[in-house]
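Presented below is the structure to which this report refers.
The values are calculated or read from the model by the stated rules, or taken from the named source; none is laboratory data. Keep in mind the model is a prediction, meaning the values are calculated, not measured. Note: ideal-geometry Cβ built from the backbone for every residue, glycine included; neighbour counts use all protein chains shown. What goes into the accessible areas is simple: the full protein's heavy atoms, side chains included, and nothing from ligands, DNA or RNA. Shrake-Rupley method; radii C 1.70, N 1.55, O 1.52, S 1.80 Å.
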Amino acid sequence: MAEPLSNPLNDRVLPYIEPPPHRALQTDLLFPQGIDKPPNHTLLKNFLKKEGKIAKEDALRIIIQCIETLKKEKSLIELKFPVTVIGDIHGQFYDLLKLLEMIGDVAPNKFLFLGDYVDRGFFSVEVVLLLYSLKINFPSNVFLLRGNHECREMTSHFNFRTECLYKYDLEFYETICDSFCFLPLGCVINKKFLAVHGGISPEFGKLEDINKLNRYIEPPHTGLLCDILWSDPVDEPTGKINEKFQVNDNRGCSYYFGNKALSEFLKRNKLLTIIRAHEVQLEGYKMHTWNGEDQFPVVVTIFSAPNYCDVYNNKGAVIRFDDGNMDIQQFSYSGHPYILPDYKDLFSWSIPFVIEKILQVLTQICLPMSPLTTEVGGKVKELQEEIKDNKGQRMRKKIKAMSKMLKMFKTIREEEETIMQLKGLCPGQKIPPGLIQQGKKALENALTMFNSAKSWDSQNEKRPSK
């Protein structure tokens, strides 16, 4: 069923870690009741946890089955207590596994995910396949809303498209992007809480406005659909701003909304609070108590990707509504398998290192009288004085060429090392503009604090320009 990679020499560096499965999961095991029936979600979860891979045809079946399930839901769904609300996941599959273990079995509960399942992390494909399989098996218990990253624009700008091409192909990526258009946009919980990914909009009058939207499109840069996915509450203790809505420069689109606009919206729709995700939080959540600390928060932000992008050192959290109570449950991050930047294989990544060493060996062969020094150019200059004949001239040119190549590949190797280290420090391995020029100086000031990570990552929170 899940035959691991062979190890005939018994030389694994970490022998206590089980090798990943050698072959794809068999179709008859993944779909024991038939390919037109729900997949075995427990088997799939455990297989993906071991770094296993399912066949492309089976992955497409899961996506298409989920699309058919999502088609039956309105853009604005309604739920009653008990409900567990989960924020951004961002491809952190192993943290998702820990989260699901923490909050319990799906069958007796209702789970509402607020979007942003993909990008930034390295295991977005696994996150989508597991969540879609849960949705297929438990359509009345698992609910998936759309986030701002569930679109072609964002997934091409960040790493989800690259991940899909590495693990499958373009058809797989396009099919998943098509499925994002079927995700609902909002949820009303117990007629008192509105859950969306981002926030409210100047064009958001009544709750019914969500159902009037055409959700089967790529999100535009303006309008209600954009704002539901992209807007943010203003970062002020009392929520006061000069206007009801303020241009959101941090996102590059949509708005900040303040207390006045939100109070009018909540009163107009007889709501108590907005539940949203979209922003990383140090503790995994934030209560926006704009009406006073003794009042129920008018906005609650929830974020469920701990140690976001392996840099932020934040906690993850979920909200549990039960019997009229709202509880916040926090959790810390889990380790995950190491992935090279841009999903490079070890051979491609090591080429500059190997070529540099080969050139060093060749230069040593051409200069047998003395050891190779770092000043290869100086040795070449000495040879120029000694070698006068035509054969010596040809040898001199070869040595000069090898010297240049050696220096070039040494530079490439050093830059590759620097960029890899910078990517390791930068959230989502997306290096902010201008940071590469700082080179090693940036490495000396490694990100250790949440606020520093958030500051460095601010450019990546913007929507890509048209």
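Taken as a whole, the structure leaves I274 outside the set of residues that are at pLDDT 95 or above, open to solvent by 20 Å² or more (accessible area, probe 1.4 Å) and out of contact with any Phe, Trp or Tyr (no Cβ under 7 Å at 6 or more places or on another chain).
With P306, P219, P202 as the choices, which residue is in contact with an Asp or Glu (Cβ under 7 Å, 6 or more places away or on another chain) and modelled with pLDDT of 95 or more?
On the way: P219 fails: in contact with an Asp or Glu (Cβ under 7 Å, 6 or more places away or on another chain); P202 fails: in contact with an Asp or Glu (Cβ under 7 Å, 6 or more places away or on another chain).
Going through P306, P219, P202 in turn, the sole match is P306.
With the structure loaded, tell me whether F122 is buried (at least 19 other Cβ atoms within 10 Å of the Cβ) and without any contact (Cβ under 8 Å) to a residue 40 or more places away in the chain or whether it fails that test.
On the way: buried (at least 19 other Cβ atoms within 10 Å of the Cβ): yes; without any contact (Cβ under 8 Å) to a residue 40 or more places away in the chain: no.
No, not satisfied.
One residue stands out among those in segment 142-170 that are farther than 14 Å from Y132 by Cα, without any contact (Cβ under 8 Å) to a residue 40 or more places away in the chain and over 15 Å from the mean Cα position of the chain (by Cα): the one that is surrounded by the most Cβ atoms within 10 Å (Cβ to Cβ), which is L165. If only residues of segment 292-330 that are closer than 19 Å to Q92 by Cβ and among the polar types (S, T, N, Q) are counted, the one that is farthest from the chain's Cα centre (by Cα) is Q329.
Name the single residue that is nearest to N190 (Cα to Cα) among those in segment 311-355 being without any contact (Cβ under 8 Å) to a residue 12 or more places away in the chain and charged (D, E, K, R). Taking the candidates together, the pick is D327. Scan segment 207-261 for residues that are touching a residue at least 40 places away in the same chain (Cβ under 8 Å) and touching a Cys at 6+ places or on another chain (Cβ under 8 Å) and the total you get is 7.
Note on segment 43-56: residues that are open to solvent by less than 30 Å² (accessible area, probe 1.4 Å) and among the charged types (D, E, K, R) amount to 0. Against the numbered list (1) more than 18 Å from F93 (Cβ to Cβ); (2) of a type in the set (G, A, S); (3) open to solvent by less than 80 Å² (accessible area, probe 1.4 Å), A59 comes up short only at (1). Within segment 94-116, being out of contact with any Phe, Trp or Tyr (no Cβ under 6 Å at 6 or more places or on another chain) and assigned to a loop (DSSP other than H, G, I, E, B) holds for G104, D105, A107, P108, N109, K110, L114, G115, D116.
Checking each residue in segment 213-252 for being open to solvent by 40 Å² or more (accessible area, probe 1.4 Å) and not in a loop (DSSP other than H, G, I, E, B) picks out F245, Q246, V247.
Could you say whether any residue in segment 307-314 is out of contact with any Leu (no Cβ under 9 Å at 6 or more places or on another chain) and either open to solvent by 50 Å² or more (accessible area, probe 1.4 Å) or of a type in the set (G, A, S) (or both)? Walk me through it before giving the result.
Filtering segment 307-314 down to residues out of contact with any Leu (no Cβ under 9 Å at 6 or more places or on another chain) leaves 307-310.
Okay, now just the ones that are also either open to solvent by 50 Å² or more (accessible area, probe 1.4 Å) or of a type in the set (G, A, S) (or both), so 310.
Yes, because at least one residue in segment 307-314 is out of contact with any Leu (no Cβ under 9 Å at 6 or more places or on another chain) and either open to solvent by 50 Å² or more (accessible area, probe 1.4 Å) or of a type in the set (G, A, S) (or both).
Against the conditions (1) surrounded by 21 or more Cβ atoms within 10 Å (Cβ to Cβ); (2) in contact (Cβ under 8 Å) with a residue 60 or more places away in the chain, V298 satisfies every one except (2). Looking across segment 76-119, not a single residue is of a type in the set (S, T, Y), free of Cβ contacts under 8 Å to residues at least 40 places away in the same chain and farther than 20 Å from R276 by Cα. Close Cβ contacts (under 6 Å, 6 or more residues apart or on different chains) running from residues in segment 23-51 that are over 23 Å from V142 (Cα atoms) to residues that are of a type in the set (F, W, Y) comprise L25/F47. Across segment 62-93, the number of residues qualifying as assigned to a helix (DSSP H, G or I), surrounded by fewer than 20 Cβ atoms within 10 Å (Cβ to Cβ) and touching a Lys or Arg at 6+ places or on another chain (Cβ under 7 Å) comes to 1.
Within segment 251-291, work out how many residues are under 22 Å from the mean Cα position of the chain (by Cα) and hydrophobic (A, V, I, L, M, F, W, C).
Taking segment 251-291 and keeping what is under 22 Å from the mean Cα position of the chain (by Cα), we get 251-254, 275-286.
Add one more test, that the residue is hydrophobic (A, V, I, L, M, F, W, C), and what stays is 253, 275, 277, 280, 282.
Of the residues in that region, 5 qualify.
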